[in-house]
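Novice: My questions all concern the structure below.
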Amino acid sequence: MLGNQRERLPDVGSLLVVGSGKGGVGKSTVSVNLAVALARAGASVGLLDCDVYGPSVPMMLGVRKRAASSGFRAMLPLAEAKNLAPEKKIPPLTRYGVRVMSAGFFIGEEQAVAASSDMLGLLIRQLLYSVDWGRLDYVILDLPPGNGEPQQTLCREMALDGAILVTTPQDIARIDTAKALAMFQNADVPVLGVVQNMDGLLCPHCGERIEIYPHSKEVRTRLDQVPVLGSLPLDPMAARWSDEGVPVAISMAETPFGQAFCTLAREVLARQQTRNSSNE
Ligand SMILES: Nc1ncnc2c1ncn2[C@@H]1O[C@H](COP(=O)(O)OP(=O)(O)OP(=O)(O)O)[C@@H](O)[C@H]1O
Ligand SMILES: [Mg+2]
């Protein structure tokens, strides 16, 4: 089996990816809040921001680096990949009970990264092995958009235990999400389900539901067969809290929006438990 030759992170129960072929659909929002919700449900969780060109996790968790670094090499002083001595590993930051790492911790907020895109797979794989995660139930990888790097390297070289897709309702996003789905399925990565984000807006004045993006009528057979893990409305408060660096799983915990992440975390826990027991 292909999957058996892939590498597992030592002491990590499940390595999950959150992805979509489409940009801006809410992958980082889902990654951050799923991680926080899993931690609140009692799991030990790590979160790796795999977006080197546009890392969002630092801002979403209120750990910002405004000053530019003196070079991209500052990002990865440790390039010996998996057999790094423990004392050389990078300690993650802990936010809201989640151990977090991002290229954005090393690169200034408005600094451009000079690495070519084909280096990204190597970089993220090294970063994954360079962090002192400790013993964790889950590490969640927040992927950048598209099907290029680091997705290709991760799918090829790492044993990924589950993929969560994020899409918005309209076909232009679903087309790209279907591509990401095909990429994971072709690589034998189990797809746990899809989160439908920005699915309507409740008018704050009259409460009427407004469809911002039209629900696609196109049949996308493979995508339509994937379980829906949750549906999130578009909520301006969610974007505001993200910019403030407080995850909605905390700041809006009592609202339906915040609760949706508790439900998502429960779904993920249940699916992983089912998978683990069927693999025993
Ligand atoms: N349901 C929502 N309601 C309101 N704002 C949202 C919602 N989901 C995401 N956002 C906001 O939309 C923006 C894009 O979200 P996010 O960064 O999570 O998307 P992404 O898919 O990770 O983007 P990228 O492709 O750049 O990585 C952010 O400002 C985020 O706060
Ligand atoms: Mg993102």
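Bear in mind that the values in this text are calculations on the coordinates, not laboratory data. Predicted model only: the values in this text are computed from it and were never measured. Cβ atoms come from the backbone with ideal geometry, glycine included; neighbour counts cover every protein chain shown.
Novice: For the chain, with only Lys/Arg (+1) and Asp/Glu (-1) charged at the beta-carbon, what is the dipole magnitude about the Cα centre, in debye rounded to 20?
Specialist: Value, rounded to 20: 340 debye.
Novice: Further, regarding this structure: Aspartates and glutamates near Lys27 by alpha-carbon distance under 12 Å, same-chain residues fewer than 8 away left out - which ones?
Specialist: Straight-line reach from Lys27, under 12 Å: Asp49, Asp51, Asp142.
Novice: I've got another one for you. In degrees from 0 to 90, rounded to the nearest 10, what is the angle of the helix 27-40 Cα long axis to the longest principal axis of the chain?
Specialist: Approximately 80 degrees, to the nearest ten.
Novice: If you don't mind, another one. Scan around Ser14 for amide H atoms under 5 Å from its own, H built in the peptide plane at 1.01 Å from N, and keep only partners 5 or more places away or cross-chain.
Specialist: Tyr138, Val139
Novice: Something else about it: Over all directions, what mean area does the Cα convex hull of the chain project, stated in square nanometres?
Specialist: 14.9
Novice: Would you mind calculating the relative contact order of the chain from Cα pairs under 8 angstrom and at least 6 residues apart, reporting the percent as a whole number?
Specialist: With pairs under 8 Å counted, the relative contact order is 27 percent.
Novice: With only Lys, Arg, Asp and Glu charged, each at its Cβ (+1 for the first two, -1 for the last two), find how big the charge dipole of the stretch 151-247 is about the Cα centre; round to the nearest 20 debye.
Specialist: It comes to approximately 240 debye.
Novice: Once the Cα atoms of the stretch 126-217 are picked out, what are the Rg and Dmax in Å?
Specialist: According to the Cα coordinates of the stretch 126-217, Rg and Dmax are 16.8, 51 Å.
Novice: Between Arg220 and Asp11, take the C-beta separation as r, use R0 = 35 Å, and let me know the FRET efficiency to the nearest 0.05.
Specialist: It comes to 0.40.
Novice: Also, quick follow-up: Working from Cα positions, state the angle (0 to 90°, nearest 10) between the long axis of helix 256-279 and the longest principal axis of the chain.
Specialist: Orientation of helix 256-279: about 60 degrees from the principal axis.
Novice: Here's a follow-up. Under the rule of -39500 (n - 2.57) per DSSP H run of 4 or more residues, summed and divided by the residues of the chain, what mean residue ellipticity at 222 nm is obtained, to the nearest 500 deg cm²/dmol?
Specialist: Calculated from helices alone, the mean residue ellipticity at 222 nm is -10000 deg cm²/dmol.
Novice: Can you find, among Ala39, Leu61, Met158, the residue sitting farthest towards the positive end of the charge dipole of the chain, where Lys and Arg contribute +1 and Asp and Glu -1 at Cβ?
Specialist: Going by the Cα projections, it comes out as Met158.
Novice: Stretch Met119-Leu93 to full length: gain in nm at 0.36 nm per residue minus the Cα-Cα span?
Specialist: Full-extension gain reported as 6.9 nm.
Novice: Treating only the Cβ atoms of Lys and Arg (+1) and Asp and Glu (-1) as charged, compute the dipole magnitude of the stretch 129-176 about its Cα centre; round to the nearest 20 debye.
Specialist: I would put it at about 60 debye.
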